[in-house]
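Read through the structure below, which is laid out as structure tokens, and then see the notes.
The values are calculated or read from the model by the stated rules, or taken from the named source; none is laboratory data. Keep in mind that this is a model prediction, so the values were computed, not measured. Cβ: placed from backbone, ideal geometry, glycine included. Neighbour counts: every protein chain shown. In case anyone asks, the SASA skips ligands and DNA or RNA and just uses the protein heavy atoms, side chains included. Shrake-Rupley method; radii C 1.70, N 1.55, O 1.52, S 1.80 Å.
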Amino acid sequence: MKRAFCSALGAAVLTAALGLSAQAQQRPQIETTKVDGTDNVYIFRNGGHQSIFVVTKDGVIATDPVAYGRPNGGQQYVDEIKKVTDKPIKFLVYSHHHYDHIAGGKAFKDAGARIIAHKNVMPHLKPLADPNTPLPDESIGNKKVIRLGGTTMELLYLGPNHSDSNIVIRLPKEKIIFVVDTIPVGSFPGRGMIDFYPLETEAFIEKVIALDWNRLIPGHPGAPNGRLGTKDDAKAVLALYRDASAEMKKLGQGGKCWDEAEKEFKLPKYESMPGYANGLPFVARRYCGLWGRGT
């Protein structure tokens with residue numbers, strides 16, 4: 001009896017120790033890290049969303065507040081920037097119009113930032129009048145270059161992709177791009193397929209690959225361990241989309257969309273990827289829309 005009790009106690013202690021170890025390894029909800037090999041580029045992460053900001057001698061250029069469902073998230077991002085520098089936040093760039101990335105911009109507006117976004121953002125946001133997501137101060141076309149304190153940032157619209165307003169944010173000197181949602185790093189696409197432009201996205205990714213860059217910072221931490229992406233990752237995502245399209249094309253043109261096609265649709269080549277089980281129905285539905293409904 002005593003031996004059994006000691007064994008149980010030992011197991012309980014070991015379980016508790018392992019639990020503490022796992023907790024210690026968990027990443028905090030909010031985290032700011034400097035990008036390796038750069039002097040002034042930072043990643044701000046809030047849970048499963050992230051954005052970038054650049055510190056210059058004349059001020060800060062920030063992107064996506066990532067504060068949807070987080071009432072204080074925008075201010076927490078501003079506070080994180082203030083821990084890094086006392087320079088003013090001059091610009092806030094919206095990557096596109098989806099709230100999970102750009103809600104919380106009010107804190108930046110209150111801090112004096114000028115908000116910039118692609119021209120297609122305004123028609124989406126204006127009718128909704130979300131108090132946490134200010135309208136852009138400036139709407140851009142296919143390209144804008146921000147120069148501040150010796151840093152150059154390019155804002156490039158390369159056509160519809162994950163949305164009709166998604167831009168590529170490029171730092172030419174650092175050879176870094178920030179691309180949200182369209183090119184996930186190491187994980188399977190999911191809910192974001194809802195307003196995805198399938199064929200246009202293939203052209204978009206080809207244009208992204210043709211740009212001069214070495215590292216891709218995604219809008220959600222890359223897998224595994226929050227890694228950054230490479231051109232090989234972009235090529236792999238393009239191949240995945242093309243495989244998905246080809247697979248659903250057979251089902252959709254065979255008259256099986258929606259229900260029958262969605263049940264039969266499988267991409268076994270990618271089933272080991274994080275998010276495959278949850279994301280597959282969303283991918284199926286979007287490509288069923290293309291090949292079964294022509295939209």
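Within the stretch 275-292, residues that are within 14 Å of residue 197 (Cβ to Cβ) sit with their Cβ atoms under 6 Å from residues that are of a type in the set (Phe, Trp, Tyr) and outside any helix (DSSP H, G or I), at 6+ positions apart or across chains, in these pairs: 286/196. The set of residues in the stretch 283-295 being outside any loop (DSSP other than H, G, I, E, B) and open to solvent by 80 Å² or more (accessible area, probe 1.4 Å) consists of 285, 293.
Output the residues belonging to the stretch 248-274 that are free of Cβ contacts under 8 Å to residues at least 40 places away in the same chain, part of a helix (DSSP H, G or I) and open to solvent by 20 Å² or more (accessible area, probe 1.4 Å). Outline the logic, then answer.
Taking the stretch 248-274 and keeping what is free of Cβ contacts under 8 Å to residues at least 40 places away in the same chain, we get 250, 253-269, 271-272.
The next check asks that each one be part of a helix (DSSP H, G or I); those that pass are 250, 253, 259-264, 268-269.
250, 253, 259, 260, 262, 263, 264, 268, 269 - these are the residues of the stretch 248-274 that are free of Cβ contacts under 8 Å to residues at least 40 places away in the same chain, part of a helix (DSSP H, G or I) and open to solvent by 20 Å² or more (accessible area, probe 1.4 Å).
I'd like the full set of residues that are within 23 Å of residue 289 (Cβ to Cβ), small (Gly, Ala, Ser) and part of a helix (DSSP H, G or I), limited to the stretch 182-226. Of everything in the stretch 182-226, those that are within 23 Å of residue 289 (Cβ to Cβ), small (Gly, Ala, Ser) and part of a helix (DSSP H, G or I) turn out to be 192, 203. Within the stretch 99-115, the residues that satisfy the criterion of being open to solvent by less than 60 Å² (accessible area, probe 1.4 Å) and under 20 Å from residue 49 (Cα atoms) are 99, 100, 101, 102, 103, 104, 105, 107, 108, 115.
Taking the condition β-branched (Val, Ile, Thr), over 17 Å from residue 213 (Cβ atoms) and open to solvent by less than 30 Å² (accessible area, probe 1.4 Å), does residue 151 pass? Spelling it out, it is not the case that residue 151 is β-branched (Val, Ile, Thr), over 17 Å from residue 213 (Cβ atoms) and open to solvent by less than 30 Å² (accessible area, probe 1.4 Å). As a summary of the residue check, residue 237 satisfies the conditions (1) touching a residue at least 60 places away in the same chain (Cβ under 8 Å); (2) touching a strand residue (DSSP E or B) at 6+ places or on another chain (Cβ under 9 Å) except for the one numbered (1).
How many residues does the stretch 61-86 hold that are in a helix (DSSP H, G or I) and either open to solvent by less than 60 Å² (accessible area, probe 1.4 Å) or modelled with pLDDT under 95 (or both)?
As a first pass, look at the stretch 61-86 and keep what is in a helix (DSSP H, G or I): 73-84.
Next cut, either open to solvent by less than 60 Å² (accessible area, probe 1.4 Å) or modelled with pLDDT under 95 (or both) only: 73-74, 77-78, 80-81, 84.
So the answer is 7.
Among the residues making up the stretch 94-151, those that are assigned to a strand (DSSP E or B) and of a type in the set (S, T, N, Q) are 139, 151.
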